[in-house]
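Participant: Below is the structure I would like to discuss, written out as structure tokens.
The values are calculated or read from the model by the stated rules, or taken from the named source; none is laboratory data. As the structure is a computational prediction, the values presented were derived from the model and not from experiment. Cβ sites come from the backbone with ideal geometry, for glycine too, and all protein chains shown count toward neighbours.
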Amino acid sequence: MYGDLALQLVTSSHRSTLSTTPQLPLPKYALPLILSICLETRQLGTSISTAAETHGQVSLSQDRGLVCNLTVQHLAARRNKRCLLAYLSTRVGGIKERWWDAGGGLAYLLSPTTSVAVNPDLDAPDLRSALSPQELDFLRGYNNLMLDYKSDFLDVLDLTASIERPPGELMVDVRVVKDAGEVILEGGERVEFRKGERFRLARSQVERLIVQGFLEEV
Amino acid sequence: MSFFDDEAEDSPTHGHGGRASSSSRAQSIGASSTSFLDRLRSTVSPSPGPGHGPGHGHGHGHGVDRSRASASIFDESIGGAGSSVGYGEGGESSFGFAPDNEGLGSQSQTDLDLDEMEEMEEMDDVKKMGLVWVRERGTVEIMNWEGDLIDGLFDKLEQQQKMVTTLRSDPQTSEEEHFKLMLVQTEMERVKYLVRSYVRTRLHKIEKYSHYITLTPSIHHLLSGAELSHARRYTDLLHTHFQHSVLDSLPEWLRKMDDSYGDGLSMVTKPNRNVPVLIYCRRDCGEITLEGGERAALARGTTHLVKYKLVDRWINLGWAEVL
């Protein structure tokens, strides 16, 4: 039946967005399914054009069965396209969400260790392998776009810092979870972050390290 | 906006303490911020009102001394006469009512009745920012980009940051002043949070409706230059992504990105202006006609739940507040 594959694609995509807390890992790009939907749509396209050509204008206005046939194929093809785009844009939403969650750190986002650090118990595929090459391109492009945009503000404000809660306290107690080496903070002081140590630092300075999982709030 | 209210009440007392004298250090900070302002202005949208000329921003730097610096970020617009003039004129041109307190200090404002007190013109920047932020978050359409407000806030943030850095490294700064500095810094973080959230809310809307925005020149004036180019480039990026991923392997007549479906649904997402909004009327907004032909009066001080498209005018004017 036309459109069955597309339906399958959309329902699975919908399922993957149902849970936001905890965020499910982005499912792998459904390449085989997408290819077969594209194939189906192309077949529909050829079938429509050959049918229209062989019968010509005259029978198109007389033969009701043919009109019916063409309409159904047309709608199915359009529906396939819509489902494909819906799937893609849902994923784009998910990709952008992850980009913002990672504070705009593209390298961090794509590093293979990330997903292991975030949810070590799951054998979830890391983001890079879940994305299609086109999506990777999109993510890179988006990253560049945002870099351009935020550079206008950067001397006063880091746009990609968290907006989950309004800041309450200036300082934050952190524990080092992962060795981060020597970090030079805004004020010029150097801090050596070694695993297990605790610090009390200005939140705005170490926010990024917290997001990236080097530090942990106590 | 609520979490700024309590600090805003305190600020006049701080402001008057510091306004009397001036120091050379503060003046130099004020002067040096001009170039920053110019630079920022070139990246943000052109200013719509005549009252917000380049003169108003760096006027704040003068007449700031140490105790002033350690008070609060709110002081500038309450204590400084320069800023109230600037916003008074801006208000006159865009809204059509003129507050006649230009150049006067905050004492004279208490003579005006409560309604006038709460107008946008007399509010300090942070409070305005709060309102603007709530409005942006509460509505579906993209609102006007408050470039001047952001400029002003950035300007002040920059100044405060410089003062804080100078004072922190100054050995003469006392224990109490260090504590005050902490408060100032916390306040700055909060203001930054507001601006950040505001900008990101707008970005979210822009990306959601990027195609619609690029196709509709009539709303381009609502966006800053950077935002507009972001909308364009984002649309391109997204469409390229779609093209490369699937559309290229579809039959040719299915490759367009701006089709309309048989049921009139367009591929270009538009803001849904039919969503309900909860509004609080700050002024008398007259009557509106509801869908069923019923009429409802939007009296001052009342709260309503209505469709957005019926009240968007009042929200834009600031006469009604989105809750």
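Participant: If B:V277 meets every condition in (1) in contact (Cβ under 8 Å) with a residue 60 or more places away in the chain; (2) at positive phi apart from one, which number is that one?
Facilitator: So B:V277 meets the others, but not (2).
Participant: Can you go through B:T235, B:T240 and tell me which one is within 9 Å of another protein chain (Cβ to nearest Cβ) and within 24 Å of A:L136 (Cβ to Cβ)? Working first, answer last.
Facilitator: On the way: B:T235 fails: within 9 Å of another protein chain (Cβ to nearest Cβ).
Checking each option against the conditions leaves just B:T240.
Residues checked against (1) more than 30 Å from B:T269 (Cα to Cα); (2) in a helix (DSSP H, G or I); (3) of a type in the set (K, R):
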site: B:W145; (1), (2), (3): no, no, no
site: B:L153; (1), (2), (3): yes, yes, no
site: B:K162; (1), (2), (3): yes, yes, yes
site: B:Q172; (1), (2), (3): yes, no, no
site: B:E176; (1), (2), (3): yes, yes, no
site: B:E189; (1), (2), (3): yes, yes, no
site: B:R200; (1), (2), (3): no, yes, yes
site: B:L203; (1), (2), (3): no, yes, no
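Participant: Here's something else I'd like to know. Sort out which residues of the range B:212-232 are under 19 Å from A:D137 (Cβ atoms) and more than 9 Å from chain A (Cβ to nearest Cβ), and write them in order of number.
Facilitator: Start the filter on the range B:212-232 by keeping residues that are under 19 Å from A:D137 (Cβ atoms), which leaves B:230, B:232.
Hit for the range B:212-232 is B:R232, nothing else.
Participant: Considering (1) surrounded by 14 or more Cβ atoms within 10 Å (Cβ to Cβ); (2) over 22 Å from A:R91 (Cα atoms); (3) in contact (Cβ under 8 Å) with a residue 60 or more places away in the chain, say which one B:N272 fails and leave the rest.
Facilitator: (1)
Participant: Turning to a different aspect of this structure: Could you check the range B:269-287 and list, in sequence order, the residues that are at pLDDT 80 or above and either assigned to a strand (DSSP E or B) or of a type in the set (A, V, I, L, M) (or both)?
Facilitator: Of everything in the range B:269-287, those that are at pLDDT 80 or above and either assigned to a strand (DSSP E or B) or of a type in the set (A, V, I, L, M) (or both) turn out to be B:V275, B:P276, B:V277, B:L278, B:I279, B:Y280, B:C281.
Participant: Give me the strands (runs of 3 or more DSSP E) completely within the range A:82-201, filtered to those with at least 3 residues that are crowded, with 16+ Cβ neighbours inside 10 Å and either at pLDDT 75 or above or within 14 Å of chain B (Cβ to nearest Cβ) (or both), ordered by residue number.
Facilitator: On the way: elements: A:171-176, A:181-184, A:190-193.
Where strands (runs of 3 or more DSSP E) fall fully within the range A:82-201 and carry at least 3 residues being crowded, with 16+ Cβ neighbours inside 10 Å and either at pLDDT 75 or above or within 14 Å of chain B (Cβ to nearest Cβ) (or both), they are A:171-176.
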